[in-house]
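J.: Provided herewith is a single structure, encoded as structure tokens, for subsequent inquiry.
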Amino acid sequence: MRIAIGADHGGFELKEEIVRLLKAEGHEVLDMGAAVLDPSDDYPDSAQQVAEVVAGGRAKRGIILCGSGVVACVVANKIPGVRAAICHDSYSAHQGVEHDDLNVLCLGARIIGPELAKELVNAFLNARFSGAERHQRRLGKVLAIERRYLRAGAKEDG
């Protein structure tokens, strides 16, 4: 699977570990940065890049790491087509995909350790959207909300 991954300085070291794990498991990794540990970098940059790659179809899934995972998740969800969530437990990591078609996993590198992060990444990547009628219906409602606000924004711009 092609996976986009990115992190700011808060998630840089954990990102490097996850990249090694993904490659060892045979995944194609699109590393959106940071390329070096830089305490002055800003989380919106890497989060936006990962989200845009996933929304644009260049990667099937994305993983974003920052200190808490919170703001990276906020940024990712600003990109239409992205369904990002912070998951610090394995149930949420797989259930978010199975029920909600989650396509970006956000992790807080200052919240969880590397072993739990690896477990969460595997749960996220091994899960598949169920396609069950109730899940399709609910996802349809989420997508309708997204479209409504996209149209409203276009009207304001025009």
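J.: Write out, first by first residue and then by second, each pair whose Cβ atoms fall under 8 Å of each other, whose residues are 6+ apart or on separate chains, and whose first residue, in the stretch 29-45, is under 10 Å from A7 (Cα atoms) and modelled with pLDDT of 80 or more while the second is acidic (D, E) and in a helix (DSSP H, G or I).
T.: Here the result reads G33/D45, each pair linking the stretch 29-45 to a residue that is acidic (D, E) and in a helix (DSSP H, G or I).
J.: Now a separate question. Identify the residue in the stretch 60-74 that is among the aliphatic types (A, V, I, L, M) and crowded, with 24+ Cβ neighbours inside 10 Å and, among all such residues, is modelled with the lowest pLDDT.
T.: We begin by selecting, within the stretch 60-74, every residue among the aliphatic types (A, V, I, L, M); these are 63-65, 70-72, 74.
Still in the list and also crowded, with 24+ Cβ neighbours inside 10 Å: 63-65, 72.
Numbers: I63: 98, I64: 97, L65: 96, A72: 93.
Among residues in the stretch 60-74 that are among the aliphatic types (A, V, I, L, M) and crowded, with 24+ Cβ neighbours inside 10 Å, the one modelled with the lowest pLDDT is A72.
J.: Does at least one position in the stretch 21-43 carry a residue that is basic (K, R) and surrounded by 14 or more Cβ atoms within 10 Å (Cβ to Cβ)? Talk me through it step by step, then tell me what you get.
T.: Taking the stretch 21-43 and keeping what is basic (K, R), we get 23.
Those still in the list that are surrounded by 14 or more Cβ atoms within 10 Å (Cβ to Cβ) too: none.
No: the stretch 21-43 contains no residue that is basic (K, R) and surrounded by 14 or more Cβ atoms within 10 Å (Cβ to Cβ).
J.: Next up: Would you kindly identify the strands (runs of 3 or more DSSP E) lying entirely within the stretch 15-110 that contain at least 3 residues that are over 27 Å from E146 (Cβ atoms)?
T.: 28-31
J.: What pairs can you find where one residue is in the stretch 134-145 and surrounded by 10 or more Cβ atoms within 10 Å (Cβ to Cβ), the other is assigned to a helix (DSSP H, G or I), and their Cβ atoms are less than 8 Å apart, with a gap of 6+ or different chains?
T.: Pairs that qualify, where the first residue is surrounded by 10 or more Cβ atoms within 10 Å (Cβ to Cβ) and the partner is assigned to a helix (DSSP H, G or I), are H135/E98; H135/H99; H135/D100; R138/H99; R138/D100; L139/D100; V142/D100.
J.: Right, next: Quick check on the stretch 1-20: of everything there that is of a type outside the set (V, I, T) and within 23 Å of G56 (Cα to Cα), which residue is surrounded by the most Cβ atoms within 10 Å (Cβ to Cβ)? Lay out the reasoning, then the answer.
T.: Within the stretch 1-20, the first condition is being of a type outside the set (V, I, T), and the residues that meet it are 1-2, 4, 6-17, 20.
When the remaining residues are screened for being within 23 Å of G56 (Cα to Cα), the result is 1-2, 4, 6-8, 15.
Working: M1: 13, R2: 14, A4: 26, G6: 28, A7: 31, D8: 27, K15: 26.
By that ranking, first place goes to A7.
J.: For residues in the stretch 111-126 being in a loop (DSSP other than H, G, I, E, B) and without any contact (Cβ under 8 Å) to a residue 40 or more places away in the chain, which is surrounded by the fewest Cβ atoms within 10 Å (Cβ to Cβ)?
T.: So the first thing to find is which residues in the stretch 111-126 are in a loop (DSSP other than H, G, I, E, B), and the list is 111-113.
Checking which are without any contact (Cβ under 8 Å) to a residue 40 or more places away in the chain leaves us with 112-113.
Values: I112: 19, G113: 9.
In this case the residue turns out to be G113.
The values are calculated or read from the model by the stated rules, or taken from the named source; none is laboratory data. Quick caveat, the model's predicted, so the values are computed rather than measured. Ideal geometry is used to build each Cβ from the backbone, glycine not excepted, and the neighbour counts take in all protein chains shown.
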